[in-house]
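Read the structure below first, then the notes.
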Amino acid sequence: MFAGNLTLTVGDFRMASGDFRFDSDGVTALFGRSGSGKSTLLRAMAGLDRHTRGQLRFHDEVWQDGRRGLPAERRDIGMVFQHAALLAHRTVRGNLDFAATRAPTDRGAAIDRDQIIERTGIGPLLDRAVGNLSGGERQRIAIARALVGKPRVLMMDEPLAALDWRAKAELLDLFETVIRDFGIPTVMITHAPAEVERLADRVVFMSEGRVERVETLKEALGRVDSPLFTEEGPVASLDGHVEHVDGDPHRLRFVTTPQTGTGQPVTFHLGADGSTTEHGPRRLRVRADDVALARKRLDNISMQNQLPARIERIDTSAPGRRAVFLTLDDGQRLVSEVTDRAVADMGLDAGQAVIALVKSAALAR
Amino acid sequence: MFAGNLTLTVGDFRMASGDFRFDSDGVTALFGRSGSGKSTLLRAMAGLDRHTRGQLRFHDEVWQDGRRGLPAERRDIGMVFQHAALLAHRTVRGNLDFAATRAPTDRGAAIDRDQIIERTGIGPLLDRAVGNLSGGERQRIAIARALVGKPRVLMMDEPLAALDWRAKAELLDLFETVIRDFGIPTVMITHAPAEVERLADRVVFMSEGRVERVETLKEALGRVDSPLFTEEGPVASLDGHVEHVDGDPHRLRFVTTPQTGTGQPVTFHLGADGSTTEHGPRRLRVRADDVALARKRLDNISMQNQLPARIERIDTSAPGRRAVFLTLDDGQRLVSEVTDRAVADMGLDAGQAVIALVKSAALAR
Amino acid sequence: ATITVAIAANFTKAAEEIGAAWEAKSGHDVRFSFGPSGKLLAQIQNGAPFDAYFSADTDRPELLVEAGDARDFFVYARGQLALFSLDLPVDERAEAILADGDFRYLAAANPKAAPYGLAAQQVLEKRGLYQRYRDAGKIATGESITQTFQFVTTGNAQLGFVALSQLRDPESPVAGKGHTWMPPAEDYDPIEQGAVALTRSEHPEVVDDFLTFVRGDAGAAIIAKYGYDTP
Amino acid sequence: MTLFGIPLDTHPIWLTLQVAAVTTILLLLIGVPIAWGLSRMRSRWRVVFEALVSLPLVLPPTVLGFYLIIAMNPNGPLTEFLGRFGFDGQLTFNFAGLVIGSVLFSLPFMVQPMMSAFQGLSEEVLDAARLMRAGLLDRFFSVILPLSRQGLLVGSVLTFAHTVGEFGVVLMVGGNIEGQTRMVSIAIFDHVESFEYAQAHLLSAVMVVFSFATLVGVYLINRRFSARLG
Amino acid sequence: MTLFGIPLDTHPIWLTLQVAAVTTILLLLIGVPIAWGLSRMRSRWRVVFEALVSLPLVLPPTVLGFYLIIAMNPNGPLTEFLGRFGFDGQLTFNFAGLVIGSVLFSLPFMVQPMMSAFQGLSEEVLDAARLMRAGLLDRFFSVILPLSRQGLLVGSVLTFAHTVGEFGVVLMVGGNIEGQTRMVSIAIFDHVESFEYAQAHLLSAVMVVFSFATLVGVYLINRRFSARLG
Ligand SMILES: Nc1ncnc2c1ncn2[C@@H]1O[C@H](COP(=O)(O)OP(=O)(O)OP(=O)(O)O)[C@@H](O)[C@H]1O
Ligand SMILES: Nc1ncnc2c1ncn2[C@@H]1O[C@H](COP(=O)(O)OP(=O)(O)OP(=O)(O)O)[C@@H](O)[C@H]1O
Ligand code: MOO
Ligand SMILES: [Mg+2]
Ligand SMILES: [Mg+2]
């Protein structure tokens, strides 16, 4: 758990978080516009700026109390900076070693170094000097370095910005593994709602140097005016897992995890997705734009997923447009965005049973 | 037009482009995995590495001939580096001035400085030192600086990586304006297929230090195995423009531009899209995943766009999946991805007339 | 006319007074260049624009005469060696103190560089002490007689061979202080300081006038005042 | 002029400041390009040149001065060589001599810090300047030097301070001629020789105070400048 | 020992190298922390300290030496102060004196380049090291110093070379005692003074060649090291 209230003035910019408090387990996303103070808050939380004032507790440890801050080197944080911040006088391996040799030995079994190297794809770079790596290579090394240090908390400032989608996908898998299997609390800054929806358990929204609100991912996805939606419109995120269809290695489906005792799992047929590399627990991300509604099942249409659902409520998402929140058989929520006219024509209203049509769904990444 | 064949060895990495030749007007995207040599090729083209060898011509100017390269400062290129590369001893304004005072005066009317500052949103930063800007701020300044220099060619290395989606959208608009209105040939590296589809006229695919192929955007989007598709599957990109529906400021539609003499414009109703800021010529990006097929129009379904189309051909896009290439009434192409089973059940075949169902479409960004 | 005269550093003070007196009398101007004799010689050999050279020894000026660069050699002063200590009673029992060697450092000028150093060496050799103190590392060597003097007057060396002129100077920091012993004159070769007129001079008559003044009574009086014997 | 009742000959002070200023300026003109050339040199010979630059330091100043007056002897090859280009003066025992000696001796103080500053420059930023059409000279003055100002500062301060205090070389090459080439360092030496300790102390104090004030001023300006640019 | 038939007293050579080495090492121990402290100092007094560091340079070496032997004379306050801690020796005219004098005089050569190296360090990289649990000392040795090695190199080279060639201070403070504190610079000077030009040239040549070889070696090592790290 992180709780506190931090202020930090850098030049003309004043970050005054206001009181905040959120669980630290899993992934916390810091989300906000460029210049809103995300990096500044992260630095203040890490104890990197001695002008930081205020309060910060991590569980029952006091990290900041007034002027007094616990030295950054004793907070046990693995950090991935926005610009990698590699040690220029060491090779790639030397950078990893730096972190590894300073990791507590009693956290021995935590994360396997070889696995980290493999998953970040930096094996061939190990003996290279860090001065002349490509942008993406630098970033992957920074991530590997943070992980081999076996930190108690992982903090990352836009760790995936410089990467191509495949590297992104692999690293997202890695993050998920690390965070799920080894339970490292993670705070990450990202500009991509898709990353938030894939990884985050909660979202800290920042704006003009202030923590505007902290919401669980469900809450953040449950209101139509969520900042996460300004780009692509409302999105739903469903928990479940990936499995093969009839043992065919090329056909995959996503089976949701019921959220209520009486709920039934719902199955989605997955579209072609280059990132579908692993099975096991995952999240499915469904844009409201991609969900159509019908009164009954339709035949003779290439629509694979026709799911019974009940309308929970209908909100206005934009002028002339409605967000229809649906509850599936498993108790999870799906959102469909339709025009005012469609709502009127079809006579849609809360409580009705409808069919949600999802052509094919993409795994959140 | 760029034509040449460049080699450049940096450390263990050898970039040997092989012969390439492409028109320079409009936007050329350099696309490839991390470490494939995109930045290296761009640097070689800009004349920044004196170890560059080979040939390069820009129209009828020789930029490289064997060992002899035209000095970078005389190539008249505006460059946006992956890490901004701002002049640390000058303020933001000083950085712009540096470029502006060295711009040729006879290119006076080209791009309006104030407009660039406004569109990049750096107005409030003008008197700041560049040492303590946020990641996104630095990047926007680098872009503004490249533009105020009124270059003949614009080269950009992942200019949008560090930005939030709104800044991205604004800058994409700016790029489009600049490139369209002032005809500045642009070569840009990006990892985002969506950016390619939105901006590019052609794509240079790189892999392991080699130019693998150069294709027009249409060609690149016309084959199912395009590297652009590995992430999200096939995508179609349609040319047209945005307009209001019945003068209602909140309802927008996209009207395509017929590509053949006899073609008819096709209208798409647009989904909620925070980036729909401008009217005028744009591109519409439609993922094959989002296109369903039906034999006839459907009623009582919240599907806004039901478009008559003819099946051009059916390719296998992935095991068990088919990409159905469709021709719309305007002569432009749409792609739908469906399962083998759907093709069999519905008896789809080349030449048939079908209805393409697109729930709502997103503008490419 | 203005002439430039190179003066061995130990003669600085006397030269300034002589110069002022001569300027008043002759109406000409004289500028001095003070420095260690050896440096001045090297400078003269390499084209320094000096009209006359006052060395701290006789070998150097003679060398110039032999080379045809100088004329009219004469001895302008004869230095006297003194053993000085701030607290050891050398005035009473110098021989015993020297023989005991019950001091940490004895300062003397470098015999290679300064005539006073050679004289000190001769005084010690006469008593069979030189080799002993040298091997024991007890001799702190000043590059010039001034440094030697500083070694002693700052207390870093308990005693040292200095020039009597340094003790007699009314402005000497140790005037009237400490203990002084004058070794017998026959214990060391005379410390004769020779001067020459340089042939490159453009004003030989003026130089001659200056040198004549130095040799004259007025000059001799000033020289004697600063603790030198005059010939 | 008298200060605290003690006579003070101001000529050596002005001369010293002039020599130090001219030396610093000349070393900026000579040393900075040398440092730049060396810092960009990729050849294996570079280490040799780097070592050469520091060599003036390893000889005792008076000995260096000794060799210098031999080399610059009016009948020597250097003066003769210059004579062919119409030079009919002398290189030693005048202002020129003082400056030549000081420049040579302080060369490492300028070149070494500048080299390390130049090596620390970001290639990408220089590339950015090139692409903004800045040619080499333009780049040098508008980007390279401003970004290397820490090195410029260190080099200039060491050069200036060292020239003010230097004694051996200027004594040899300048000749300590009263009113012409007598620098403060030699004047202090002369005062000590003639037991004018009060004047020696005063002159030392004047130089220390003046130099201190100058240095504080330089550092203050640098601080302002740096603060403004973060 | 004779070389080319010319007698060569090797003691001053060894002594000089020892003093230069010890001075360089001591200045690394003293000067580097001073430079670090100054480079991190945010107070307005910083400029004053920066200026103070360079002051030893502005006094002529022999004058500085003169003041030093006054300050360190065996009856003076400094020796007396040390006496309270059981020190019963003398500070001047021995190896210690040579080193003290050299350290003081070369202080600016070490501090200035190191300060500018420290100021050029990337804050973010230091932050990264902190978060990898490196405390200040750890950071200093494993990150700060290696990244400042250009400054270390410049500082060490200037200090070493300058100590080898320095004459005035070591003459005064060392007392030029044959076989004990006579350094090469003084030996060369003596040879020149006594017209032993062959020996003077030989000794100069030996020092120049040796120093040159040392510097080339240092630069070569640095080059290897830098090349390995790009
Ligand atoms: N030392 C400083 N002096 C003045 N302003 C500063 C300083 N450091 C940061 N700022 C300003 O504070 C604001 C917040 O910076 P911060 O780096 O926290 O933004 P951010 O939310 O991380 O943005 P981005 O997404 O672009 O990285 C920015 O406007 C930045 O320019
Ligand atoms: N000076 C160098 N020495 C050795 N290898 C180098 C050097 N410069 C670049 N490389 C290597 O060349 C390869 C291509 O680098 P480049 O920067 O062109 O990649 P990129 O395609 O731009 O990648 P990214 O998308 O990650 O920026 C990388 O593997 C990089 O490590
Ligand atoms: O030339 Mo002197 O008088 O020995 O210092
Ligand atoms: Mg940031
Ligand atoms: Mg790159």
Would you list which aspartates and glutamates come within 16 Å of B:K150, measuring only between C-alpha atoms, while excluding same-chain residues fewer than 8 positions from it?
B:D25, B:E73, B:D76, B:D97, B:D106, B:D112, B:D114, B:E176, B:D181
Which order do D:W36, A:W63 take when ranked by solvent-accessible area (1.4 Å probe, heavy atoms of all protein chains), largest first?
D:W36, A:W63
Interface residues of the stretch C:25-65, defined as losing at least 50 Å² of accessible area versus the chain alone with a 1.4 Å probe, are C:R31, C:F34, C:K39, C:Q43, C:N46
Determine the total buried accessible area between chain E and chain D, counting protein heavy atoms only with a 1.4 Å probe; round to the nearest 100 Å².
4400 Å²
Between the stretch D:203-222 and the stretch A:151-198, what's the alpha-carbon centroid distance in Å?
55 Å
Rg/Rh of the stretch C:96-231 (Cα atoms, Kirkwood Rh), to two decimals, equals 1.05
For the stretch B:196-210, in order, what is each residue's ³J(HN,Hα) by Karplus, 6.51 cos²θ - 1.76 cosθ + 1.60 with θ = phi - 60°, in whole Hz (x at glycine and Pro)?
4, 5, 6, 9, 6, 9, 8, 10, 9, 8, 10, 7, 6, x, 10
Can you tell me the 0 to 90 degree angle between the C-alpha axis of helix A:92-101 and the longest principal axis of chain A, rounded to 10?
80 degrees
Residue (of A:G94, A:G11, A:I117) at the positive-pole extreme of the stretch A:2-226, dipole from beta-carbon charges:
A:G11
Mean-square fluctuation maximum in Gaussian network of chain E, Cα pairs under 10 Å, restricted to E:T24, E:T79, E:T163, hits E:T79
Which far-off residues, 5 or more places away or on another chain, put their amide H under 5 Å from the one on B:D164, with H placed in the peptide plane?
A:S34
So for chain C, using the alpha carbon gyration tensor with a ≥ b ≥ c as root eigenvalues (a/c under 1.5 gives rounded; past that, a/b versus b/c decides prolate or oblate), I'd call it prolate
Run the helix sum for chain D: -39,500 (n - 2.57) per DSSP H stretch of 4+ residues, divided by residue count, reported at 222 nm to the nearest 500 deg cm²/dmol.
-23000 deg cm²/dmol
Over chain C: helical MRE at 222 nm, DSSP H runs n ≥ 4 each giving -39500 (n - 2.57), nearest 500:
-12000 deg cm²/dmol
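Could you work out [θ]222 nm for chain B from helices alone, using -39500 (n - 2.57) per DSSP H run of at least four and dividing by all its residues? Round to the nearest 500 deg cm²/dmol.
Per the formula, -6000 deg cm²/dmol.
Let me know the mean shielding of D:112-120 by other chains, meaning the per-residue number of their Cβ atoms within 10 Å of its Cβ.
Taking the mean over all residues of the peptide, I get 6.
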Regression test value, accessible area per residue of the stretch B:235-362, probe 1.4 Å, units Å², expected 39 Å²
Charge context of B:R140, other residues only, Cβ under 10 angstrom, K/R +1, D/E -1
+1
Shape of chain E from its Cα gyration tensor (a ≥ b ≥ c, root eigenvalues): rounded if a/c is under 1.5, otherwise prolate when a/b > b/c, or oblate?
oblate
Average partner coverage of A:53-65, which counts Cβ from other chains inside 10 Å:
0
Please list, in chain and number order, the residues 5+ apart from C:L106 or on another chain whose amide H is under 5 Å from its amide H, with Hs placed from the backbone.
C:I139, C:A140
Using alpha-carbon pairs under 8 Å, 6+ residues apart, how would you state the relative contact order of chain B in percent?
16 percent
Could you go through the stretch A:114-131 in sequence order and give the Karplus-derived ³J(HN,Hα) for each residue, using 6.51 cos²θ - 1.76 cosθ + 1.60 with θ = phi - 60°, rounded to whole Hz, and x for Gly and Pro?
4, 5, 4, 5, 5, 5, 7, x, 9, x, x, 9, 3, 9, 7, 6, 7, x
Under 12 Å from the Cβ of E:F167, count the other residues' Cβ atoms, weight Lys and Arg +1, Asp and Glu -1, and hand me the total.
-3
How much solvent-accessible surface does C:E95 expose, in Å² to the nearest 10, with a 1.4 Å probe and all protein chains in place?
90 Å²
Let me cross-check C:K112: its accessible surface, 1.4 Å probe, with only protein heavy atoms counted, in Å² to the nearest 10?
90 Å²
How much solvent-accessible surface does B:F98 expose, in Å² to the nearest 10, with a 1.4 Å probe and all protein chains in place?
0 Å²
List every residue whose amide H lies under 5 Å from the amide H of B:R287, counting only residues 5 or more places away in sequence or on a different chain, with H placed 1.01 Å from N in the peptide plane.
B:A236
Short version: ³J(HN,Hα) in whole Hz for each residue of the stretch B:5-15, in order, from phi by Karplus 6.51 cos²θ - 1.76 cosθ + 1.60 (θ = phi - 60°), x for Gly and Pro, what are they?
6, 10, 10, 7, 9, 10, x, 7, 8, 10, 9
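Ignoring ligands, DNA and RNA, please state the percent of accessible area on the protein assembly as shown from carbon and sulfur, probe 1.4 Å.
Solvent-exposed carbon and sulfur of the protein assembly as shown make up 54 percent of the total.
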Among the listed pairs C:K39/C:K138; A:K218/A:K296; C:K39/C:K112; A:K38/B:K168; C:K13/C:K177; A:K359/B:K38, which have their C-alpha atoms separated by more than 25 angstrom in this model?
C:K39/C:K138; A:K218/A:K296; A:K359/B:K38
Using a 1.4 Å probe on protein heavy atoms only, how many Å² of accessible area do C and D hide from each other, summed over both chains and rounded to 100?
2200 Å²
Put +1 on the Cβ of every Lys and Arg and -1 on every Asp and Glu Cβ in the stretch B:235-362; which of B:I314, B:A356, B:L293 then has its Cα farthest towards the positive end of the dipole?
B:I314
Using the eigenvalues of the Cα gyration tensor, what equivalent ellipsoid semi-axes result for the stretch A:2-226 when each is taken as the square root of five times the eigenvalue, whole Å, largest first?
27, 20, 17
Partner chain coverage, peptide C:163-175 - average Cβ within 10 angstrom:
1
State whether the stretch A:296-365 is rounded, prolate or oblate according to the following rule on the C-alpha gyration tensor (a ≥ b ≥ c being the square roots of its eigenvalues): a/c under 1.5 gives rounded; otherwise a/b larger than b/c gives prolate, and the remaining case gives oblate.
rounded
Relative contact order as a percentage, chain E, C-alpha pairs under 8 Å and 6+ apart, gives 30 percent
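Which whole-number percent is the relative contact order of the stretch A:41-110 (Cα, under 8 Å, 6+ apart)?
Values: 44 pairs, mean separation 13.3, N = 70.
For the stretch A:41-110, the relative contact order is 19 percent.
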By the mean-Cβ-within-10 Å protection proxy, highest first, A:317-323, B:66-72 rank as A:317-323, B:66-72
Note to self: with every protein chain in place and a 1.4 Å probe, the stretch E:90-230 gives an accessible area per residue in Å² of 29 Å²
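The values are calculated or read from the model by the stated rules, or taken from the named source; none is laboratory data. Here the structure is a predicted model, which means the values were calculated and not measured. Positions of Cβ are generated from backbone atoms using ideal geometry, with glycine treated the same way; all protein chains shown enter the neighbour counts. Calculation scope for accessible area: heavy atoms of the full protein, side chains included, ligands and nucleic acids excluded. Shrake-Rupley method; radii C 1.70, N 1.55, O 1.52, S 1.80 Å.
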